[in-house]
Amino acid sequence: MAMKIPEVLTDALIYIDSGMCEGSGDVTLPSFNFITAEISGAGIAGSLKVPIIGHTQSVQLSVTWRIPTAQNFKALSPEVHEIVVRASIQNSEADGRTRHVPVRYHFRAMPVEGTAGTLSQGASVGMTTVFEVEAQTVYIDNKKVLNYDKKSYVYEALDKTGQLVDFLKPIRENLGR
């Protein structure tokens, strides 16, 4: 059976507060480390670490800019920024054709760290901005595959069947939210 194969990230652009960033850079996407609780007791052989559904530790996004620009420095302003990373993924399709699939990452985040980089002749500067992410939505081929918002108490992700499910909805309802 022939299948489609995601091959490579063709390119990506970074937009902050609706403006494309000149010079662009590399993005280190966030890791999700769920808050856990350790349970033990009668009926459990030892102890077990269980994730608290939809609750994460600090979620951070890092952008390493190739060359500093005024717009990159705006990203250091101590306020919430809307950050969008638009990318294109090259796929090899089952029929042998190549298809380019759009991928978008939307973040609502605030800067928590910045480094000026290194000045070295003929090289990128490597100025870095680290953001604390309070909300993130990911689209692949224009289909929402993740929507996470700490302040709105939302954690939507694809379940085992491929359906987008809000795993925090029953908790919000239990809390009267």
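Summary of computed values
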| read-out | value |
| --- | --- |
| Flag if residue 82 is farther than 23 Å from residue 10 by Cβ and surrounded by 13 or more Cβ atoms within 10 Å (Cβ to Cβ) | yes |
| The stretch 164-177, subset of a type outside the set (D, E, K, R) and outside any loop (DSSP other than H, G, I, E, B), residue farthest from residue 65 (Cα to Cα) | 174 |
| Hits in the stretch 122-177 (condition: of a type in the set (Gly, Ala, Ser) and farther than 28 Å from residue 74 by Cα) | 157, 162, 176 |
| Selection count, the stretch 121-152, where residues are assigned to a loop (DSSP other than H, G, I, E, B), within 17 Å of the chain's Cα centre (by Cα) and surrounded by 15 or more Cβ atoms within 10 Å (Cβ to Cβ) | 1 |
| Count of residues meeting criterion [hydrophobic (A, V, I, L, M, F, W, C) and either within 15 Å of residue 153 (Cα to Cα) or surrounded by 12 or more Cβ atoms within 10 Å (Cβ to Cβ) (or both)] in the stretch 32-47 | 3 |
| Every residue from the stretch 1-16 that is surrounded by 11 or more Cβ atoms within 10 Å (Cβ to Cβ) and either among the basic types (Lys, Arg) or outside any strand (DSSP E or B) (or both) | 4 |
| Conditions (1) outside any loop (DSSP other than H, G, I, E, B); (2) at pLDDT 95 or above; number of the one not met by residue 161 | (1) |
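The values are calculated or read from the model by the stated rules, or taken from the named source; none is laboratory data. Everything numeric here is computed off the predicted structure, so don't read it as measured data. All Cβ positions, even for glycine, are placed from backbone atoms using ideal geometry, and neighbour counts span all protein chains on display.
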